[in-house]
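Participant: Structure provided below as structure tokens; questions to follow.
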Amino acid sequence: MWYPKALETTAQEYPLIVITNASNVAAMNYEPYFKRLASWGFIVAGNEDRQAGSGESTSLTLDYILKLNGKSDSVFYKKISQTNIGIIGFSQGGAGAIRAATEFENSNRYKTMFTGSAAYPFLAKNMGWEYDASKISIPYFMTAGTGSSDDADVQNIYEEFGGVCPLEALKDIYNMMSRDTTKISARIKGAEHEDMLTLTDGYMTAWFLYHLQGDEEAGTVFFGDNAEILNNANWQDVQKNR
């Protein structure tokens, strides 16, 4: 768990972000990423599960840190905002994040979600991480790369492996979600699967600044007819409903 240094001496509550790990990656491998998010005013929590696609370890992590909010001997005592909790997942962890936000008793604690190249439904099902995108009911920013590792450009992505997160799958997930739920789908031009952690970082941070900290300037990246993401040459295939 990482957090802003000021948390130790202030009485305010801080928003929480929970990270669901990619395949064969643990929180210890993400340390600079966690630290940078914490520097923006978030508590960031993860675990050492290297196969997090089921979402179970993420659910347990959320329960654990929320219990610390009620322990008087914890640095997190009364410091975690109960209404501003987000979740992030990359690759296998993207499937795990969707499951964590839809399949568990504490799924309703999440306010918003971001995924980078989440394993698409065909792949997730075959690997034992099956999820139902129609259950997603929180603002969701889904991203992928245009490179062949994410999109192999096959004829039918549900009959053969189409890459980790092909464009047609993003469209399907977007369309399965309710029109009443804020949703954005977009791809980074030229990005391969392994690039997603770094190349999505700025917009991922803006997403959580807006939804968990109420930063209206960050919201201009995503919302309205002149949203920045629509005019950024590094991004393409943008779908959004706000």
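The values are calculated or read from the model by the stated rules, or taken from the named source; none is laboratory data. Predicted, not measured: the structure shown is a model, and the values here were computed from it. As a convention, Cβ positions derive from the backbone with ideal geometry for all residues, glycine included, and neighbour counts pool all protein chains shown.
Participant: Could you tell me whether any residue of segment 24-39 is surrounded by fewer than 15 Cβ atoms within 10 Å (Cβ to Cβ), among the small types (Gly, Ala, Ser), under 29 Å from Ser149 (Cβ atoms) and at pLDDT below 95?
Facilitator: Looking through segment 24-39, at least one residue is surrounded by fewer than 15 Cβ atoms within 10 Å (Cβ to Cβ), among the small types (Gly, Ala, Ser), under 29 Å from Ser149 (Cβ atoms) and at pLDDT below 95.
Participant: Could you go through segment 217-238 and let me know if any residue there is modelled with pLDDT of 95 or more, more than 16 Å from Thr143 (Cβ to Cβ), surrounded by fewer than 14 Cβ atoms within 10 Å (Cβ to Cβ) and among the hydroxyl-bearing types (Ser, Thr, Tyr).
Facilitator: The answer is no; no qualifying residue exists.
Participant: Within segment 8-17, identify whether any single residue is within 25 Å of Thr143 (Cα to Cα), surrounded by 14 or more Cβ atoms within 10 Å (Cβ to Cβ) and under 13 Å from the mean Cα position of the chain (by Cα), and answer yes or no.
Facilitator: Residues of segment 8-17 within 25 Å of Thr143 (Cα to Cα): 15-17.
The next check asks that each one be surrounded by 14 or more Cβ atoms within 10 Å (Cβ to Cβ); those that pass are 15-17.
Of the ones still in play, those that are also under 13 Å from the mean Cα position of the chain (by Cα) are 16-17.
Scanning segment 8-17, I find at least one residue that is within 25 Å of Thr143 (Cα to Cα), surrounded by 14 or more Cβ atoms within 10 Å (Cβ to Cβ) and under 13 Å from the mean Cα position of the chain (by Cα), so the answer is yes.
Participant: Could you please find all residues in segment 95-109 being in a helix (DSSP H, G or I) and either of a type in the set (D, E, K, R) or farther than 13 Å from Ser137 by Cβ (or both)?
Facilitator: Across segment 95-109, the qualifying residues are Ala95, Gly96, Ala97, Arg99, Ala100, Arg109.
Participant: Among the numbered conditions (1) touching a residue at least 24 places away in the same chain (Cβ under 8 Å); (2) surrounded by 14 or more Cβ atoms within 10 Å (Cβ to Cβ); (3) over 29 Å from Ser107 (Cβ atoms), tell me where Ala152 comes up short.
Facilitator: (1)
Participant: Can you run down the residue pairs with Cβ atoms below 9 Å, 6 or more apart or on separate chains, where the first is in segment 19-38 and touching a residue at least 12 places away in the same chain (Cβ under 8 Å) and part of a helix (DSSP H, G or I) and the partner is surrounded by fewer than 21 Cβ atoms within 10 Å (Cβ to Cβ) and among the small types (Gly, Ala, Ser)?
Facilitator: Phe34/Ala27
Participant: Going by what's in this entry, would Ile138 be described as outside any helix (DSSP H, G or I), touching a Leu at 6+ places or on another chain (Cβ under 6 Å), among the aliphatic types (A, V, I, L, M) and touching a residue at least 24 places away in the same chain (Cβ under 8 Å)? Give the derivation first.
Facilitator: Working: outside any helix (DSSP H, G or I): yes; touching a Leu at 6+ places or on another chain (Cβ under 6 Å): no; among the aliphatic types (A, V, I, L, M): yes; touching a residue at least 24 places away in the same chain (Cβ under 8 Å): yes.
Judged against the criteria, Ile138 is not a match.
Participant: Moving on. Looking at Tyr131, is it surrounded by 15 or more Cβ atoms within 10 Å (Cβ to Cβ) and in contact with a helix residue (DSSP H, G or I) (Cβ under 8 Å, 6 or more places away or on another chain)? Break it down into steps so the answer makes sense when it comes.
Facilitator: Values: surrounded by 15 or more Cβ atoms within 10 Å (Cβ to Cβ): yes; in contact with a helix residue (DSSP H, G or I) (Cβ under 8 Å, 6 or more places away or on another chain): yes.
Yes, satisfied.
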